[in-house]
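Right, one structure below, let's go through it.
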Amino acid sequence: MYFKELAGYLERLEGTSSRNTMTDILADLLKHAGGTEIDEICYLILGELVPAYRGLEFQIAEKMMIAALAAAYSTTREEAARRVAARGDVGDAAYDLARDHRSLGKRMTVAAVYRAMYGIAEDAGEGSQERKIRAMASLLSSLDPLSAKYVARIPLGKLRLGFSDATLLDALSLMVTGDKSGRRAIERAYNVTADIGALASRVKRGGLASLSRLHATPGIPIRPSLAERLNDINDVVKKAGPIVGVEVKLDGFRTQIHVWREKGGVHVRLFSRNLENTTAMFPEIVHAAKKLPVQSVILDTEAIGYYARTDTFAPFQETVQRKRKHEVAEFAARIPLAAFVFDVMYRDGTSLVARPFRERRRHLQDLLGRRTGAGTIRLAGQRLTDDIDVIKAELTQSVNKGLEGLVVKNLSAPYEAGSRGFHWIKLKANTAALGNLRAGGAGGRIKGLPDTIDCLVMGAYRGRGKRTKFGVGGFLLGVPGRDERFYSLSRLGTGMSDEQFRELGRRIKAHEVAAMPKEYVVDKEVAPDIWIEPSLVVEILADEITRSPRHSAGRGRDRRGLSLRFPRLVRVRDDKKPHDATSADEVSSMHRRQKTASSK
Ligand code: ATP
């Protein structure tokens, strides 16, 4: 396929916010794609070159792209910068410049453009900045205006088409079956091998039948299993029992550890909750993983600062300092880190995803049992019980230790990759659960919310009063709907410290956009002064979910949506992508259960 044709599809996708229309356009594109290019097309339309887990970053800042535009279209950097500022978008500026320059473009194939972009991303080391600019300029100057528009956006992560991998899975189903009947099989495969390009190639070549042979593979991340919430602690045993596994909910970095042996060497890869490659962040885990007595293994763990001598955990704020890559070694020395292993999905050539948890736990004990209490990779503690009082006591104890709460597990459940359900139930300390438990009232029944809510920051208000010194006076929060659009849920203003205000104000700067993103559903009366593209997710603690005529999340036939009472910022969730935020459906379900709980 020529890149120009792909750009035509991208333009149509950009022009619609209807998920059905997008799915149809994508299915048409995938049908037309050849078997050898479909993977590259999938990555490109998601604004990437390879799946995030392979960790190839462009390392191109806007300034460099402006320099490339100037060189491509024989103008000055000042003029190129002026065009970008005037259009508020590097892609639109590239389009104008290419048009004015009368760039007709060569007939470049998708594969040729992909190869050129790959080379630019891979170039690193001394002098690479200048080389990247030159190569980008040369690529842009070979393209027609529409192609240039999208090629300029991709390296900056600003493709802004308004859909995620979920829509692409629907489109793949449409491509092979003509409807959504293949979606389940495709999603199952994607949950255990989260590489959408490889999956698309496989479906294109072998159809749905080829997916049944697809299993977890060391080196390719598995989509994480997620925990459901409960309003009434007394229901835990009923939902996941009769006997449940009670584990402490540690508050660190979720880390999937993959180990495999190949060509005489041991390979280790680590992945975060959102499946990014975090191998470089935890050298001591990599070191310890290489010594595990296995041919191959995939482990689910929480990596957290841990002081073995006193058996105490570092608070999240300390563990998180690891994120700054260049200081990894310094923090490794200062805050010892341990990965607490709570699940295993693969061992020595066999996928364990479908096996019941009690069997997977036996594997873990066999693998790590003797090592408990020592080393960087440790077995997470677990208590088996059918007694609700034991669970309540464990929750109180976990909180007294400054931990996040508990995760209670169904021993018969498979590893539910990519799905949230009652196979795991989280009981969080900072929510109403503990307040009620402490007060002794309601015997652990939760009147308020059972969990924090992860929201997207959609915009900011300039505001009045003392906060104006931070540049903004408050934020608009939203959550994703089933159609992948984002719906407004609440304002966030007073529930933040000055320090948090400053941080969030600073973080939104890079993501400001001139107009409301097309995938936002926001009423005029709550429209913010500044729009922010889908990028930042924040964790919010609130007292209650209320009905609101002004917000669009969970809006029913009576036109009333949902909102949050007394929202407070807990932290920015860098480990979540916008579509990983709490969904509008989940907020609605919490709202319904909150009502039932208080009327009990
Ligand atoms: P949260 O904000 O509650 O961490 P989440 O969406 O990231 O939300 P959930 O599925 O709701 O994740 O809760 C499970 C999370 O708890 C995991 O992502 C993991 O990081 C953490 N965790 C800590 N200890 C455990 C454990 N023993 N078993 C499972 N998950 C654990």
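Please list, ordered by first then second residue, the pairs with beta carbon atoms under 8 Å, 6 or more apart or interchain, first in segment 385-403 and among the hydroxyl-bearing types (Ser, Thr, Tyr), second in a helix (DSSP H, G or I) and open to solvent by 60 Å² or more (accessible area, probe 1.4 Å).
Listed pairs, sorted by first residue: 396/438.
So if I check each of 288, 354, 314, 308, which one is hydrophobic (A, V, I, L, M, F, W, C), modelled with pLDDT under 95 and open to solvent by 50 Å² or more (accessible area, probe 1.4 Å)?
Unique residue meeting the criteria: 308.
Would you check if residue 171 is modelled with pLDDT of 95 or more, away from the ligand (no atom under 16 Å from the Cβ) and either closer than 23 Å to residue 536 by Cα or outside any loop (DSSP other than H, G, I, E, B) (or both)?
Taking the combined requirement at face value, the residue satisfies it.
Would you confirm whether or not segment 232-242 contains a residue that is open to solvent by less than 10 Å² (accessible area, probe 1.4 Å), within 16 Å of the ligand (Cβ to nearest atom), touching a Ser or Thr at 6+ places or on another chain (Cβ under 8 Å) and touching a residue at least 40 places away in the same chain (Cβ under 8 Å)?
No.
Among the numbered conditions (1) open to solvent by 10 Å² or more (accessible area, probe 1.4 Å); (2) within 16 Å of the ligand (Cβ to nearest atom), tell me where residue 506 comes up short.
Of the numbered conditions (1) open to solvent by 10 Å² or more (accessible area, probe 1.4 Å); (2) within 16 Å of the ligand (Cβ to nearest atom), the odd one out for residue 506 is (2).
Would segment 565-582 turn up any residue that is of a type in the set (Gly, Ala, Ser) and away from the ligand (no atom under 16 Å from the Cβ)?
No, the conditions are met nowhere in segment 565-582.
Residue under question is residue 254, and the condition is that it be of a type in the set (Lys, Arg) and at pLDDT 95 or above; does it hold?
Against the criterion (of a type in the set (Lys, Arg) and at pLDDT 95 or above), residue 254 qualifies.
Within the group 169, 174, which residue is over 23 Å from residue 4 (Cα atoms) and open to solvent by less than 10 Å² (accessible area, probe 1.4 Å)?
Being over 23 Å from residue 4 (Cα atoms) and open to solvent by less than 10 Å² (accessible area, probe 1.4 Å) holds for just one of 169, 174, which is 169.
Name, by its number, the condition in (1) open to solvent by 50 Å² or more (accessible area, probe 1.4 Å); (2) not in a helix (DSSP H, G or I) that does not hold for residue 496.
Exception for residue 496: condition (1).
Kindly list, by first and then second residue, each pair from a residue in segment 560-571 that is free of Cβ contacts under 8 Å to residues at least 24 places away in the same chain to a residue that is small (Gly, Ala, Ser) and not in a strand (DSSP E or B), limited to pairs with Cβ atoms under 8 Å and residues at least 6 apart or on different chains.
565/542
Do we find a residue being assigned to a helix (DSSP H, G or I) and farther than 30 Å from residue 405 by Cα anywhere in segment 212-228?
Taking every residue of segment 212-228 in turn, at least one turns out to be assigned to a helix (DSSP H, G or I) and farther than 30 Å from residue 405 by Cα.
Just checking, how many residues over segment 538-563 are hydrophobic (A, V, I, L, M, F, W, C), within 16 Å of the ligand (Cβ to nearest atom) and in a strand (DSSP E or B)?
The number of residues fulfilling the criteria is 3.
Identify the residue in segment 138-158 that is touching a Leu at 6+ places or on another chain (Cβ under 9 Å) and open to solvent by less than 10 Å² (accessible area, probe 1.4 Å) and, among all such residues, is nearest to residue 44 (Cα to Cα).
Once the filter is applied, the top-ranked residue is 154.
All but one of (1) more than 8 Å from the ligand (Cβ to nearest atom); (2) in the same structural domain as residue 285 (by TED's automatic domain parsing) hold for residue 221; which doesn't?
Among (1) more than 8 Å from the ligand (Cβ to nearest atom); (2) in the same structural domain as residue 285 (by TED's automatic domain parsing), residue 221 violates only (2).
Give 300, 251 a once-over and let me know the one that is assigned to a strand (DSSP E or B), in the same structural domain as residue 393 (by TED's automatic domain parsing) and among the charged types (D, E, K, R).
Criteria check complete, one pass: 300.
Criterion first (open to solvent by 30 Å² or more (accessible area, probe 1.4 Å) and touching a Ser or Thr at 6+ places or on another chain (Cβ under 8 Å)) does residue 555 satisfy it?
The answer is no for residue 555.
The values are calculated or read from the model by the stated rules, or taken from the named source; none is laboratory data. Owing to the predicted nature of the structure, the values given are computational and were not obtained by experimental measurement. Ideal geometry is used to build each Cβ from the backbone, glycine not excepted, and the neighbour counts take in all protein chains shown. Ligands, DNA and RNA are excluded from the accessible area calculation, which covers all protein heavy atoms including side chains. Shrake-Rupley method; radii C 1.70, N 1.55, O 1.52, S 1.80 Å.
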